Amino acid sequence: MRKGIAVSPGVAVGTAYVIHEIFVAREGEQLDGEQVNAEVARYERACEQTADDLRALIQKVASQVGATEAGVFQSQLTILHDAAFTKRVRNWIVKERQPAQAALRRLLDEYTRIFARISDDYLRERLTDIRDVIVRLSSHLTEVLKPGSRAISGPLILIADELLPSQVVAIGDRPVAGIITQTGGTTSHAAILARSRGIPAVTGVRGILRQVRNGATVVVDGRDGHVIVNPSPEVTSAYRKLQREFVHLKDSLASNFEQPAVSADGEAVELLANINHLADATTARTMGASGVGLYRTEYLFLTHPDVPDEDEQLATYREVIAASPNRRVTIRTLDLGGDKTIPYLGHSREANPFLGWRSIRLSFEHPEFFAAQIRAVLRAAATADEKGPKSDVRLLFPMITTLEEIRRVRAMVRRAGRALDRQKQPWKEVPIGLMIEVPAAAVTIDNLLDVVDFVSIGSNDLVQYLMAADRDNPKVSHLCQPLSPPVLRVLDQVIRACRRAAKPVTLCGEMAGDPPAFLLLYGMGLRSFSMSPAFIPAIKELVSHLTRADTRQLLQEVLELKTAAQIARVSNDRLASIAPKLAILGTR
Ligand code: PEP
Ligand code: MG
């Protein structure tokens, strides 16, 4: 049994599909003289097939997700056509008689060494693209086991060091039952994909690639983050039973998408979706969200081949508004920096990127760029109304630390409105909100509430800053726990302050979709939650079992506890007694 971080709940038993085994490079082997030409031809055919794959992917992603998202594969096509890239591989085949596969491995090793010296996160991300191209080329050179081929069948457990963008797309509709990765935390590509599709997943399982072979039976337990390789027949059958329950539960819950979220004692609860792309807005609708509570706009910038200008942003925001349930969308302005950087904003290496020049701090340094985003949102809010029922668009500002910052934001929004008036552009005034994710803002919330129309608690960041524990670092994940005494105290204070001031408050961090955490937030009086769309059906079911009195009493009990372990135990036990069938959907 191996331990990792539970990033997407549920359990799965399946057949291992190890993504790194694509590289069965025949190192050391040399080609005979007469094999060289055939190997070059084979390599060139693989290049053509890879280019065809990428062109097809660009089309598919552009039509199904959006042109900006297809930009990733456009960059990969450029890498593939880069003369330095293909020429070096060809040279090694011809001059050193290396098999193409080994030459590709060597190229990847070289790039990995070069990139290891680069400190810029964005550039380092480009290594992912290079690796993606090499993996794809390599798959055309080897008889790899493809998911769905006869050699490997049944529900698959994908195992990888990290999941690459192409693998995420290529998984498509294949029966992926679980995901395990060696690296990454709760916000890695793999975690986001898994949660948005409701697939149990565990990240940060170090050394798993050395342990597992393709075709092995593997258990993924996304409740507490453990993984079992080649389990005994008894363990396998126990987990298969749990897996059947999990799948059955998910299917039966998804049928509640048209029902409103109402508690056992008749209170209406707002369940909103967190989205990163246009396609997620449609998922939000099918999962039964009543709106979008967090649209992370930075993904539009991160996946764009260059810079999306005001009109491009306007077009995207309009589409997102039209696709969202009840045309309700809380649009968060750029939240870049930390682990998300784009090259044109002048990022340089920082000793502590999460404590440095990120998010709203970075937006302030690029006022014209930031103002263009604000104008695009104000315009999108107005045009959405011309085309159909009234929209409900709100503007949310991330990582606010001080009163001065939120005042400055308000002044910028006013200026944006005046600029649009001068240009005779239609626009609409929208509510302005701040994210509570910095402890400084949480403890001075009373001072900030006068200046905003609503509040959204970003518990992912709030927890990491409060606990001084990086949310993406598996080594400190035991500290980065929302269900801990300090975090619950602060959340309770923030929610109380908002309720006292009658300011609408939502929580949009991952804990909103975690059933035991949900119980406690509900007990604090919170009635608006935004989460990965896949969690909505289960949380809606949970809400139907809750009463104000019971959850309050549970909260009182929990606030007396002194350790995270005790809190987790008590809230999980309570979940098991309130809604026993949902226990499988929590992460412990
Ligand atoms: C958060 O910090 O809780 C949040 C919702 O924002 P993000 O995960 O994008 O940082
Ligand atoms: Mg955040």
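The values are calculated or read from the model by the stated rules, or taken from the named source; none is laboratory data. These numbers come from a predicted model, not from an experiment. Note that we place each Cβ from the backbone using ideal geometry, even for glycine, and neighbour counts take in every protein chain shown. Calculation scope for accessible area: heavy atoms of the full protein, side chains included, ligands and nucleic acids excluded. Shrake-Rupley method; radii C 1.70, N 1.55, O 1.52, S 1.80 Å.
The table that follows gives values for the structure above.
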quantity	calculated
Counting all C-alpha pairs of the range 33-141, share separated by more than 18 Å (%)	51
Probe 1.4 Å, all protein chains present, accessible-area order of 161, 309, largest first	309, 161
Above-threshold pairs, the threshold being 27 Å between Cα atoms, out of 340/562; 60/581; 475/562	340/562; 60/581
Length gained when the stretch residue 403-residue 56 is fully extended (0.36 nm per residue, less Cα-Cα span)	120.0 nm
C-alpha center-to-center spacing [the range 404-433, the range 436-490] in angstrom	28
In Hz, Karplus ³J(HN,Hα) per residue of the range 466-482 (6.51, -1.76, 1.60; θ = phi - 60°; x = Gly, Pro)	5, 8, 6, 9, 3, 5, 9, 9, x, 5, 10, 5, 5, 8, 7, 10, x
Square roots of five times the Cα gyration tensor eigenvalues for the range 255-582, Å	32, 23, 18
Radius 11 Å from Cβ of residue 265, net charge of other residues (Lys, Arg +1; Asp, Glu -1)	-1
Volume per residue that the Cα convex hull of the chain spans, once the total is divided by residue count, Å³	151
Label-point separation in nm, residue 110 to residue 94, each point 7 Å along Cα→Cβ	1.5
Karplus-derived HN-Hα couplings along the range 268-283 (A = 6.51, B = -1.76, C = 1.60, θ = phi - 60°), whole Hz, x at Gly and Pro	7, 10, 9, 10, 10, 10, 8, 10, 10, 9, 4, 4, 5, 5, 5, 4
Residue 391 long-range amide H proximity, modeled H, under 5 Å	385
Karplus-derived HN-Hα couplings along the range 126-134 (A = 6.51, B = -1.76, C = 1.60, θ = phi - 60°), whole Hz, x at Gly and Pro	4, 4, 4, 5, 4, 5, 4, 5, 5
Largest to smallest accessible area among 427, 92 [probe 1.4 Å]	427, 92
Exposure rule at most 16 other beta-carbon atoms within 10 Å, DSSP loop GluC sites (Glu not before Pro): the chain longest free segment	430-559
Space enclosed by the convex hull of the alpha-carbon atoms of the range 498-588, per residue, Å³	99
For residue 8, distant residues with modelled amide H under 5 Å away	201
Residues listed by number, the range 511-526, amide nitrogen under 19 Å from residue 576 label point at 7 Å toward C-beta	514-520
Inter-site label distance for residue 386 and residue 250 at 7 Å from Cα along Cβ, in nm	4.2
Gain upon complete extension [residue 74, residue 282; 0.36 nm per residue less C-alpha separation]	72.4 nm
Cα point-scatterer Debye curve for the range 488-549, base-10 log of I(q)/I(0) at q = 0.14, 0.30 Å⁻¹	-0.37, -1.39
Inter-part distance where the range 273-329 and the range 253-271 are each reduced to a Cα centre, Å	24
5 angstrom amide H check on residue 332, placed H, neighbours 5+ away	295, 297, 396
Estimated FRET transfer efficiency (residue 355, residue 499; beta-carbon r; R0 25 Å; 0.05)	0.25
Surface share of carbon and sulfur [accessible, 1.4 angstrom probe, percent] for the chain	51
Rough spin-label spacing in nm, given labels placed 7 Å along Cα→Cβ, for residue 311 and residue 425	1.1
